[in-house]
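Since the structure comes first, as structure tokens, the remarks are kept for the end.
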Amino acid sequence: MMRRALVLLALVLAGCAAAPPETADNICAIFREHPSWYDHARASEQRWGTPIAVQMAFVRQESSFRHNARPPRDWLLGFIPWMRPSTAYGYAQAQNPVWGEYMDERGGLLSRRTRMRDALDFIGWYNDRTHRRLGISRSNARHLYLAYHEGHTGYRRQRWQQNATLDRAANRVQATARRYAQQLPACEAELRCRHFWEFGPFCEAP
């Protein structure tokens, strides 16, 4: 009975997972398809300071907006599925150790890496740490991503300078963040004012 209940719960949770957006190149299309994602990104921006466009550029690079993304498995002897190279998981590809630090600090017992709200809050939290520890602007998508990927110690040691693949990824994040930032003003007013209680002075249009 317990096993059946757990299987049913897993199916329910899987059914609640949001599908990746049909158009990932336009932040307005993304938010119109998943309007709650805008609310979560805005809340993270207000709490931690990382702009919405930068947060969403991180998610696109890390998981392509797939809630259960994981690194591909290694192969033993070329044909036997083996372990994954890291514990990265979810929208933000947060790894177990740093996710544990986030959980300890934020106290979010129900937080999940597979929920966009928690993933965006994690990105904001981590980038705020990066800003305070390394002095990187919260709007500097390229260097925030380098520190996100390499960790603060790795960034200080400039390990990323010898990693051409990571350098290209950071450039993609920067380009995506810039494009999203240019697109967002075209739809932010409608996104902020879409709830029935948001009208007149109660609607904070940008």
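The values are calculated or read from the model by the stated rules, or taken from the named source; none is laboratory data. Just so it is clear, the structure is predicted and the values come from calculations on it, not from any experiment. FYI the Cβ positions are ideal-geometry reconstructions off the backbone, even for glycines, and counts take in every protein chain you see. All accessible areas refer to the heavy atoms of the entire protein, side chains included, with ligands and DNA or RNA removed. Shrake-Rupley method; radii C 1.70, N 1.55, O 1.52, S 1.80 Å.
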Can you run phi through the Karplus equation (6.51, -1.76, 1.60; θ = phi - 60°) for the range 128-135 and list ³J(HN,Hα) in whole Hz, with x for Gly and Pro? 5, 4, 4, 4, 6, 8, 10, x
Show the residues, 5+ positions off or on another chain, whose built amide H is closer than 5 Å to the amide H of ALA94. TYR89
Report the label-to-label distance for ARG132 and ARG179 in nanometres (one decimal), using points 7 Å from each Cα along the Cα→Cβ vector. 3.4
What accessible area, in Å² to the nearest ten, does a 1.4 Å probe give for ARG117? 120
If packing is taken as the average count of other Cβ atoms within 10 Å, what order do 175-181, 149-155, 164-170 fall into, highest mean first? 175-181, 149-155, 164-170
